[in-house]
Amino acid sequence: MRLRAAVRPAAEGIAIALGITGAAFALLALGLPRTSEDDRLALRVLAELRGPSGIRGAELQIGTRRLIAHCRKVAPGRSVVTISDGARLVVRGTRIKSFTGARSSGRALTSRAALEESELRSVQVDLAGIRGLYAAQLRGRLLRGEDVYLGETTFAGVSAHRFRLGRDQPRLELLVEQETLTPLAARYESRRLKGMSRLLPATGRRRAC
């Protein structure tokens, strides 16, 4: 286990540096069960997510709610997401570490309402455009040998690839532009909630996600 843990970062670096051929080698070094064309494309997306480009936030639609999310990277692996409903969420890795701001109701929440509130905030984070979160969830599926590529689609008239992130449930997808692999949108679906976001590229010198 320790040897494999030591090999993984180096193998991923080789994949990013060498492109498709390097990606195939890296998948073998990572101990993945296959080295398909879909996996190699996913590694190219992983490299893009870890690259210098940023996302400043997203336009969200969750159920009937329309919101704006702003995302700012404050430290390696740590981001702050502010939502137009007044919420402020601190995210470390793939987890929400703290939450302040608006709630769905001014009253104390029942256990069911608290669960719905918790999922709502998780969905907002999933759709807000945190590239490190998307990279971690894509990498996790690759390491578990799970399918990642869902095929081609179009978004706002742009040809795109669809990738599944994280676990099978709830369902989270990332759409990237076919030519540049730039993230375009994210989709979320569970038994209780459905949501989608249009990701907004960073502008200027603002510290984006």
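Throughout, read-outs are computed from the coordinates displayed, never taken from laboratory work. As the structure is a computational prediction, the values presented were derived from the model and not from experiment. Virtual Cβ from ideal backbone geometry, glycine too; neighbours counted across all protein chains shown.
Taking amide H atoms as placed 1.01 Å from N in the peptide plane, list the residues 5 or more away in sequence, or in a different chain, whose amide H sits under 5 Å from that of K194.
The list, which skips near neighbours in sequence, is G63.
Can you list the HN-Hα couplings for region 46-56, worked out from phi with the Karplus curve (6.51, -1.76, 1.60; θ = phi - 60°), rounded to whole Hz and with x for Gly and Pro?
4, 5, 5, 5, 9, x, x, 5, x, 10, 8
Report, by chain and number, residues whose modeled amide H sits under 5 Å from the one on A87, excluding near sequence neighbours (fewer than 5 apart, same chain).
A102
Can you list the HN-Hα couplings for region 187-196, worked out from phi with the Karplus curve (6.51, -1.76, 1.60; θ = phi - 60°), rounded to whole Hz and with x for Gly and Pro?
With coefficients 6.51, -1.76 and 1.60, one gets 10, 9, 8, 9, 5, 9, 9, 10, x, 8 Hz.
I need the peptides 172-185, 52-65 ranked by packing, meaning the mean over residues of other C-beta atoms within 10 angstrom, with the highest value on top.
Numbers: 172-185: 19.3, 52-65: 16.8.
The peptides rank, most packed first, as 172-185, 52-65.
For region 139-147, what does the Karplus curve 6.51 cos²θ - 1.76 cosθ + 1.60, with θ = phi - 60°, yield as ³J(HN,Hα) per residue in whole Hz, taken in order and with x for Gly and Pro?
3J(HN,Hα) across region 139-147, in whole Hz: 4, x, 5, 4, 5, 7, x, 8, 4.
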